[in-house]
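The values are calculated or read from the model by the stated rules, or taken from the named source; none is laboratory data. As the structure is a computational prediction, the values presented were derived from the model and not from experiment. When we count neighbours, we look across all protein chains shown, and the Cβ atoms used for this are built from the backbone with ideal geometry, even at glycine. Quick note on the areas: whole protein, heavy atoms, side chains included, nothing else; ligands and nucleic acids left out. Shrake-Rupley method; radii C 1.70, N 1.55, O 1.52, S 1.80 Å.
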Amino acid sequence: MPVPDTSFFQSHYIPNTPSQQQEMLDAIGVNSIDDLFSDIPAKHRHPTLDIPHPMSEIDLKFQLMALGLKNSNLEQNACFLGAGAYNHFSPSIVKPILTRGEFLTSYTPYQAEASQGTLQVAYEFQSLISNLMDMDVANDGMYDGATSFAEAALMACRVTKRDEIYVLDTINPVYREVIETYALPQKLKIYTLPAKNPILPATAACLLVQYPNFHGNIEDLALYKRQTEDAGALLVVSADPIAMGMLKPPGEFGADIVTGEGQGLGVPISYGGPYVGLFCTRKKFVRQMPGRIVGRTNDSEGKTGYVLTLQTREQHIRRERATSNICTSQALLALAATITMAAVGKTGFRQLSELNYHKAHYAASLIEKLPGFSLPLEGEFFNEFVVKCPTNPSTINKRLLANEIIGGLDISSSMPDCMLIAVTEMNTEPQITALVTTLAEFGS
Amino acid sequence: MNNIHAFQRKLLMERSVPGRIGSILPDLDVPKQNLPRPELLRDNLDFPELSEPEIVRYFTNLSRLNFSIDTNFYPLGSCTMKYNPKINDEIAFSPGYAGLHPNQPIDEVQGALTILYRLQGYLREITGMSGVSLAPLAGAQGELAGVLMMRRYLMDNGQEQRLKMLIPDSAHGTNPASAKMAGFNVVSVPTDDSGNTNLEALRAEATNDLAGIMITLPSTLGLFDKNIVEICNIIHQAGGLVYADGANMNALLGQVKIGDLGFDVMHLNLHKTFSTPHGGGGPGAGPVAVKSILEPYLPAPIIGLNQEPNEKHYYLESPNKSIGKLAAFHGNFGVLVRAYVYIRSLGDYGLKQISENAVLNANYIKEKLKGYYNLPFDRNCMHEVVFSATKHKDKGVNGLSISKRLLDYGFHAPTMYFPLTVDEALLIEPTETESKETLDLFIETMKSIDQEAQSQPDLVHDAPHNTPIRRLDEAKAAREPDLRWSRPEEP
Amino acid sequence: MNPSDRRYSKDHEWAQIVGEEVIIGITNFAQEQLGDIVYVDLPEVGSNLDQSSKLGEIESVKAVSDIFSPIGGAVIEVNQAVLDSPELVNQDPSGSGWLVKLAPSDASSDFSSLLTSDEYDELIENEAH
Ligand SMILES: Cc1ncc(COP(=O)(O)O)c(C=O)c1O
């Protein structure tokens, strides 16, 4: 490759030309740009910088698109993989709205008069998410589903002034790891309870339940509500928003804090992020809630408008006593979720949820009949289920991929020969048939 | 007269008309299955019913109520509101990247891992550190990761009594909040009259319970602390570790490596320095970079590389003493891809031009406005400059009113009332992507506001006048929180 | 001019003896400094406070301040009206905007360490400059 001549290089992102720069230096009264950096110890100035030379847009696009082709993506392959991120419908209107510069390139709406668009979207998001979960209030989003769950545990400890976090053994094991990262340094204790018959002591701050759980099963929230109530603890539920189209929402069971992963609501799956964490609670706990909250008010002429509110909870005011250190969160993805919820709408959301349910149950019923395969777990499930395979799941997944199918998550380390399969509205009948046909090749 | 504005701002639920739909879903193409027990099912979902065209127009009109980088000069200090290149979005949204499932086996995502691996390397090179984790989802999470590593390192070395974290009084609020979440006690250190850390106060705190210090470099005052190497030495000699908040790295790209100065750990804000769009409050990415002593503690995952005879193979790993997972997956991948494209597109020469022009632009504004606004630190600034809007306080014009008046003129406001240590602070960060013509117009505007403050203080005091909404009643919002739409009570 | 029927702390709280009880509030100066008060957090009835220990928190839109108890004692009543309408503290800090009533543990010794209204007037005179 020819080496570009550096003396003439000017980035297309930098408007000021060398002669303008000179004018500005003259106005400042220094000889060179270098003089402006005189506070930096001379010994450490001008380090070598071993970064490749600049690339043209054409070359860059060519190279990166080629590199992208090395990945097996969800447009070319049928996807039966879930476990925290799902291939769900994202309406075509999401991306054009998301990429409008006025949304994409604005900052956190601290200047309310210059950010009414972002603020009103946040209020819409809070409204729809609290409706979805049937809770009093929601915030404007957290980093992701796992950190929301962890922050909910911390909040429950603040509310109850207790330090024992109880976690069911059926929550996503990665979420469990994130809860440990957040809670252990603060000297909080974490205990695991069996989902089957948990006994919650009267010293518990909270019980953490995933709904549906990591294996796809629908947990008995009524039972857990009774137990948390008896213990004077909070019921914290991490709920799948898509399942809430048909399942009774956690709020109806009396959950105290509800979190969730918002990715399913039209957010690109994008190798794990950026997503958006959902976070709701009851009105009486709102001052202990982490994250940004937008409220409705009026301006000096009586017009309705929106502002960031209850900011004294946050780090920029309360500093080390804040409810969380979160600052930049995931507002753009909350916008994506809001657009999706609006577009799918009231009747569509039920339909969407049921499509997941029927397709998953149909697939499960076929797989269960295959020789050598079984469904080891009992109980109701939503769109995800565990399958016990006749051989190790990674072998099966390789064969599936050869047939343009991305198989389920290999969970053989916790359940021997088992795979966690997710089926969504994006999986067609032919895809399900192809999955079952390939699996059948392993049945002996 | 019609009220188009009120119509445009009606909420989704207020627009809802039973029977409208916003998207057609496919019919069920498999046999219907038995539904779960009825007591598990929900009866009602209060969601809007709207057609697609109304939804698009609604959100489009809302967007037009925002100021943004694409439409306005946005000199918001500490936030580095630079132009966000469109190619970054195009690539991050392409199916080869946006269409990957985070749980796919690594063989299927080698292209994605290649980018992450190289990005780790570039950030190591830029910071002069020896290890990088891309896992943190924003600056504050990078801080949390950084201070958790410090805590674990101290504990592993039998120093669990070291719980005192020093934080300069000018620091961003996330610093003390993160330190607290990692179990440290926060002690504030003052800034001296020239804007550097007060060394005497620092020495007095260098006791055997010292865990370390979190320093923003350049500081939130837009200054490069002249004693930075000495500060690192003082802390190290006292047995502590030194953290750099690298949110202001736009000033230093290619000019100096933070690692060379003596820092042990730092985070970067890719949504500032590396041009990824801020999205109205996220997403961001806050990679952490560390010296070798802290490498075993980095948050998972790290991208590793196996050099096989004729093929490279990338994999995900968790360092052996890792502080653990910070989130469900591997970081804000879409943001990381954008930052990668940005670095490749600017390359080594371009990165240096960023910091040069960012610092030049800030000093130009400082020089041009210093006769008009009080300048608390009259020395070379870095990528941003702080003024103190105290001059017209007797006329009721303060930092807030000047900020709001700028909105009337089509400029976003500077960061106001931060840092907390400067009275009526106005922190102005122009970034390198603004032209001299824009800066000149901004400077002229600031001068006329100064003029207005003298001759027509009420005009400034009552600003903004031209925005979609006037000044909002924040006290009401906080006293009677209205945080969601609720269905009006049926009579 | 602050009322002379009570004593003041350097942290801008006042304490007034009424029969067996002591009423506590924040001063007009404190209220002005805080601006629009939007939330007040007060201790539960029955809790015991030492002199100068944290009594509660008071929030404006963009600031939080601790309130310290000018005297020691047990909380016998909190002002529900202030919890419901925090703006009362702005409107009438020395009267209906009172915060709590205490049963003092050692009123005479605690009071001797507080400022008279004249001394307090002087203090804020100096702080304002
Ligand atoms: C100096 C400084 N440190 C830390 C942060 C926190 O970063 P983030 O908002 O990405 O969490 C910011 C920005 O908000 C900042 O300006």
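Among the residues of the stretch B:174-191, write down those that are more than 22 Å from B:Leu148 (Cβ to Cβ) and either at pLDDT below 95 or within 15 Å of the ligand (Cβ to nearest atom) (or both). Within the stretch B:174-191, B:Thr191 is the sole residue that qualifies. Screening the stretch B:116-191 for strands (runs of 3 or more DSSP E) wholly inside it with 2 or more residues that are over 28 Å from A:Gly145 (Cα atoms) returns the ranges B:164-168, B:185-189. Considering every residue within the stretch A:180-194, establish whether at least one is closer than 22 Å to A:Lys225 by Cα, assigned to a helix (DSSP H, G or I) and of a type in the set (A, V, I, L, M). Scanning the stretch A:180-194, I find no residue that is closer than 22 Å to A:Lys225 by Cα, assigned to a helix (DSSP H, G or I) and of a type in the set (A, V, I, L, M), so the answer is no. B:Ile215 meets the conditions (1) without any contact (Cβ under 8 Å) to a residue 60 or more places away in the chain; (2) more than 12 Å from the ligand (Cβ to nearest atom) in every case but one. The failed one is (2). The residue of the stretch A:166-189 that is surrounded by the most Cβ atoms within 10 Å (Cβ to Cβ), among those that are away from chain B (no Cβ under 12 Å) and within 29 Å of B:Glu143 (Cα to Cα), is A:Tyr166. Within the stretch B:132-160, residues that are closer than 19 Å to B:Ile235 by Cα sit with their Cβ atoms under 7 Å from residues that are among the hydroxyl-bearing types (Ser, Thr, Tyr) and within 14 Å of the ligand (Cβ to nearest atom), at 6+ positions apart or across chains, in these pairs: B:Glu143/B:Thr174; B:Glu143/B:Ser178; B:Gly146/B:Tyr243; B:Val147/B:Ser178; B:Val147/B:Tyr243; B:Met150/B:Tyr243. Does the stretch B:116-128 contain at least one residue that is aliphatic (A, V, I, L, M), more than 16 Å from the ligand (Cβ to nearest atom), buried (at least 22 other Cβ atoms within 10 Å of the Cβ) and closer than 30 Å to A:Pro393 by Cβ? Yes, the stretch B:116-128 contains at least one residue that is aliphatic (A, V, I, L, M), more than 16 Å from the ligand (Cβ to nearest atom), buried (at least 22 other Cβ atoms within 10 Å of the Cβ) and closer than 30 Å to A:Pro393 by Cβ. Residues considered: A:Ala78, A:Ala85. Of these, the only one that is touching a helix residue (DSSP H, G or I) at 6+ places or on another chain (Cβ under 6 Å) and more than 9 Å from every other protein chain (Cβ to nearest Cβ) is A:Ala78. Can you find a residue that is in contact (Cβ under 8 Å) with a residue 12 or more places away in the chain, crowded, with 24+ Cβ neighbours inside 10 Å and not charged (D, E, K, R) anywhere in the stretch A:368-380? No, every residue in the stretch A:368-380 fails to be in contact (Cβ under 8 Å) with a residue 12 or more places away in the chain, crowded, with 24+ Cβ neighbours inside 10 Å and not charged (D, E, K, R).
Restricting B:Thr421, B:Thr431 to those that are closer than 28 Å to B:Leu217 by Cβ and open to solvent by 20 Å² or more (accessible area, probe 1.4 Å) reduces the list to B:Thr421.
Consider the stretch B:313-357. How many of its residues are over 22 Å from A:Gly145 (Cα atoms) and either within 22 Å of the chain's Cα centre (by Cα) or within 11 Å of chain A (Cβ to nearest Cβ) (or both)? The qualifying residues number 21. So for the stretch B:367-381 (the condition being part of a helix (DSSP H, G or I), at the interface with chain A (Cβ under 7 Å from one of its Cβ atoms), without any contact (Cβ under 8 Å) to a residue 12 or more places away in the chain and surrounded by 24 or more Cβ atoms within 10 Å (Cβ to Cβ)), does at least one residue qualify? Within the stretch B:367-381, not a single residue is part of a helix (DSSP H, G or I), at the interface with chain A (Cβ under 7 Å from one of its Cβ atoms), without any contact (Cβ under 8 Å) to a residue 12 or more places away in the chain and surrounded by 24 or more Cβ atoms within 10 Å (Cβ to Cβ). Among the residues of the stretch B:88-108, those that are surrounded by fewer than 20 Cβ atoms within 10 Å (Cβ to Cβ) and either in contact with a Phe, Trp or Tyr (Cβ under 9 Å, 6 or more places away or on another chain) or of a type in the set (Ser, Thr, Tyr) (or both) comprise B:Ser94, B:Ile106.
Does B:Ile228 satisfy the criteria of being open to solvent by 10 Å² or more (accessible area, probe 1.4 Å), over 16 Å from the mean Cα position of the chain (by Cα) and of a type in the set (Val, Ile, Thr)? When the stated conditions are applied, B:Ile228 does not pass them. Considering the stretch B:75-88, and only residues there that are within 7 Å of another protein chain (Cβ to nearest Cβ) and either within 14 Å of the ligand (Cβ to nearest atom) or at pLDDT below 95 (or both), the residue that is nearest to B:Val385 (Cα to Cα) turns out to be B:Leu76. Considering the stretch A:48-66, the residues that are within 20 Å of A:Gln10 (Cβ to Cβ) and facing chain B (nearest Cβ under 7 Å) include one that is most open to solvent (accessible area, probe 1.4 Å), namely A:Glu57. For the stretch B:237-284, a residue qualifies if it is closer than 17 Å to B:Ser133 by Cα, more than 12 Å from the ligand (Cβ to nearest atom) and out of contact with any Phe, Trp or Tyr (no Cβ under 9 Å at 6 or more places or on another chain), and the qualifying residues are B:Ile258, B:Gly259. Restricted to the stretch A:106-127, and to residues there that are away from the ligand (no atom under 16 Å from the Cβ) and polar (S, T, N, Q), the residue that is nearest to B:Arg487 (Cα to Cα) is A:Ser127. Is it fair to say A:Ala337 is away from the ligand (no atom under 16 Å from the Cβ), modelled with pLDDT of 95 or more, touching a Pro at 6+ places or on another chain (Cβ under 7 Å) and in a helix (DSSP H, G or I)? Spelling it out, it is not the case that A:Ala337 is away from the ligand (no atom under 16 Å from the Cβ), modelled with pLDDT of 95 or more, touching a Pro at 6+ places or on another chain (Cβ under 7 Å) and in a helix (DSSP H, G or I).
Of the listed requirements (1) away from the ligand (no atom under 13 Å from the Cβ); (2) assigned to a loop (DSSP other than H, G, I, E, B); (3) in contact (Cβ under 8 Å) with a residue 40 or more places away in the chain; (4) not small (Gly, Ala, Ser), B:Ile293 misses just one: (2).
Among the numbered conditions (1) open to solvent by 10 Å² or more (accessible area, probe 1.4 Å); (2) within 16 Å of the ligand (Cβ to nearest atom); (3) in a helix (DSSP H, G or I), the only one that A:Thr323 does not meet is (3).
Every condition in (1) aromatic (Phe, Trp, Tyr); (2) assigned to a loop (DSSP other than H, G, I, E, B); (3) buried (at least 21 other Cβ atoms within 10 Å of the Cβ) holds for B:Tyr83 except the one numbered (3).
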